[in-house]
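The values are calculated or read from the model by the stated rules, or taken from the named source; none is laboratory data. Everything quoted here is computed from the prediction, not taken from an experiment. Positions of Cβ are backbone-derived with ideal geometry, glycine not excepted, and every protein chain shown enters the neighbour counts. We work out accessible area using only protein heavy atoms, side chains counted, and drop any ligands, DNA or RNA first. Shrake-Rupley method; radii C 1.70, N 1.55, O 1.52, S 1.80 Å.
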Amino acid sequence: MQNQTADTDTARFARCIEASKRVRWDIDEDVIRGRKLDMTQTFLPQGLSLVDDLAFLLAGERRFLSQVQGRTYAYIFGLVERFINAKVLEISRDHALGDQTALEALIRFSDEELKHQELFRRIETLAGEQMPAGYKQAGDPDAVAQAVLGMSTWAVLMLTLHIELFTQLHYRESLEPDETLSPLFKDVFLFHWKEESQHAIMDELELRRIDAAMTAEQRDKAVDEFIDLVGAVDGLLQAQATEDTRYFLKVCGRRFSESEQQAVGNGFLKAYRWQYILSGAQHRPFQRILGDLINETQAQRINDALAPLVAA
């Protein structure tokens, strides 16, 4: 049975390689193509920005909120891919003297993550050229990566799987169907999605491989570490929501009431929690894989940790 599982995994890694070769793209030739971000266009759709919750905003303010959130959306993806790439490089060494198909697939994974980081840096530069000064990023990618990588591989891979599954969900259900979005911004996540589809498959394969070698005690500790990582993500989102609220209110150019200012701040945080935590946690493919690896008590601990975010 073990050899059969290994053969099946090798075949899945091989299909990831084939797909990687087929969808391979270039940042300048395929994505940016000499374009700039147009500030007359929406970046993030309502399904992600949740801007409809803020009915008092004018049309231009709604659009600007989508642009601020879109800039943060790209920034956060670039940030998390710093630790994802480091972890992929680490686990690829497990295959260095073994399954060379798995090794090649994971090396391609790492190469693509480096390209994605560059793409998001380029988008940040383009956003900075068009948007008013004063936008700030709340987290340093290297510092965040160091903190995340201090956790177990199981916890980091579970968080990585969560991220790369909701990336696909967001594109298919919110970004792709919306014809009103900035074509450049939409293309960034179209091409990102094309490669993330393979990455999620490899996340699952490596997570199950790591899980199979763990004791019950190690897995139980890893579940707590995963909960801690989700909490750390929420802390980053709270800090970024505070920065983005300050920036939005300053740039909008009109005075909002105290209750409206509070609603804007709550709206940013609610949207970010939906984008980076709750939409993925509720996604059936993620729930299925997580459910395969944990027991009911552990699942309840995770649900209890998420409950305050859902209720907020």
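Okay, here's what the table says:
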read-out	value
Top-ranked residue in segment 97-122 [being of a type in the set (A, V, I, L, M, F, W, C) and over 23 Å from GLY150 (Cα atoms); ranked as most open to solvent (accessible area, probe 1.4 Å)]	LEU97
Residue count for segment 205-223, restricted to those that are buried (at least 22 other Cβ atoms within 10 Å of the Cβ) and closer than 13 Å to VAL88 by Cα	2
Boolean, ASP9 is touching a helix residue (DSSP H, G or I) at 6+ places or on another chain (Cβ under 6 Å), among the charged types (D, E, K, R), more than 16 Å from PHE191 (Cα to Cα) and modelled with pLDDT of 95 or more	no
Hey, GLN137 among the polar types (S, T, N, Q), assigned to a loop (DSSP other than H, G, I, E, B) and either modelled with pLDDT of 95 or more or surrounded by fewer than 19 Cβ atoms within 10 Å (Cβ to Cβ) (or both) or not	yes
Tabulated pairs, segment 6-22, first open to solvent by 10 Å² or more (accessible area, probe 1.4 Å), second among the charged types (D, E, K, R) and not in a helix (DSSP H, G or I), C-beta under 9 angstrom, 6+ apart or interchain	ALA6/ASP99; ASP9/ASP99; THR10/ASP99
So ASP228, is it surrounded by 18 or more Cβ atoms within 10 Å (Cβ to Cβ), of a type in the set (Asp, Glu) and at pLDDT 95 or above	no
Matching helices (runs of 4 or more DSSP H) fully within segment 239-312 where at least 1 residues are without any contact (Cβ under 8 Å) to a residue 40 or more places away in the chain, surrounded by fewer than 15 Cβ atoms within 10 Å (Cβ to Cβ) and among the hydroxyl-bearing types (Ser, Thr, Tyr)	258-273, 296-311
Single residue of segment 44-88 satisfying the filter (open to solvent by 10 Å² or more (accessible area, probe 1.4 Å), of a type in the set (Gly, Ala, Ser) and assigned to a helix (DSSP H, G or I)) that is farthest from ALA145 (Cα to Cα)	ALA59
Meets criteria (open to solvent by 10 Å² or more (accessible area, probe 1.4 Å), at pLDDT below 95 and either small (Gly, Ala, Ser) or over 16 Å from the mean Cα position of the chain (by Cα) (or both)) for ALA143	yes
Segment 153-193, residues that are of a type in the set (Val, Ile, Thr), farther than 23 Å from GLN287 by Cα and buried (at least 24 other Cβ atoms within 10 Å of the Cβ)	VAL188
Failed criterion for GLY34 (all others in (1) more than 25 Å from GLY134 (Cβ to Cβ); (2) assigned to a helix (DSSP H, G or I); (3) open to solvent by 10 Å² or more (accessible area, probe 1.4 Å) hold)	(2)
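Condition check ((1) over 12 Å from GLY267 (Cβ atoms); (2) among the small types (Gly, Ala, Ser); (3) under 16 Å from the mean Cα position of the chain (by Cα)) across all residues:
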site: THR42; (1), (2), (3): yes, no, no
site: SER49; (1), (2), (3): no, yes, yes
site: LEU54; (1), (2), (3): no, no, no
site: LEU57; (1), (2), (3): no, no, no
site: GLY70; (1), (2), (3): yes, yes, yes
site: ALA74; (1), (2), (3): yes, yes, yes
site: VAL80; (1), (2), (3): yes, no, yes
